[in-house]
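Since the structure comes first, as structure tokens, the remarks are kept for the end.
Bear in mind that the values in this text are calculations on the coordinates, not laboratory data. Keep in mind that this is a model prediction, so the values were computed, not measured. Every residue, glycine as well, gets a Cβ built from its backbone with ideal geometry; the counts of neighbours run over all protein chains shown.
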Amino acid sequence: MANPQALADPPRDLAAIIEASLLFPSFTSDTAWEIGCLLRSRLLQFHAPVAVNISLANSNQVLFHTCTRSGTAPANDVWVSRKRATVLMWGYSTWYMHNKMGGDEKGFRDRYMLGERAGDYAIHGGGFPIRVTGVEGVVGVIVVSGLKQEQDHQVIVEVLQEYLKKQT
């Protein structure tokens, strides 16, 4: 297997974290399939087993779910759920929330008064909001789980940038 193509380091400055500019003109199950397959292909370059999940925001409807290779575990799906919940609750990527809180999970729990529900959320990169031009709010969530958190985030950003560039 070839060495994986390097991912850029994602920014840590909140103003520089790219989200709002990655707008879809529309988003359907076909779009989810295309994005999911692009992510899987890109992630196959890495040796780690990774889970990819794309779901709608208004339900628990999963439009795409796969693992890149043997070795994923039920814990990957727990991370998917926690990252998805964070994106849906705050409307930002989990990488954004991680950097907003300085990676401080206790501070995150306390600031948002999560108490025992804190475990339902994750401020680790890899959860990303799907936004559509002309639609208010998040319409879906893309989650990658299995690499380092900054890589989980950045692979989504790079795949979306490439995909959306081809759509214009």
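Side notes on the structure shown:
- Paramagnetic label zone (point 7 Å from Cα along Cα-to-C-beta, I18; backbone N under 17 Å) in region 148-166: 150-166
- Calculated mean residue ellipticity at 222 nm for the chain: -12500 deg cm²/dmol, from DSSP H runs with n ≥ 4 weighted as -39500 (n - 2.57), summed, divided by the residue count and rounded to 500.
- Two-site label geometry, Q61 and V139: point separation in nm, points 7 Å out along Cα→Cβ: 1.2 nm
- Rough spin-label spacing in nm, given labels placed 7 Å along Cα→Cβ, for D9 and S26: 4.1 nm
- Spatially proximal lysines relative to K148 (Cα-Cα < 22 Å; intrachain offsets below 8 disregarded): K83, K100, K106
- 5 angstrom amide H check on F24, placed H, neighbours 5+ away: R131, V132, T133
- Relative contact order of region 37-168, taken over Cα pairs closer than 8 Å and 6 or more residues apart, is 29 percent.
- For D104 and Q161, the difference between the fully extended length at 0.36 nm per residue and the C-alpha to C-alpha distance is 17.6 nm.
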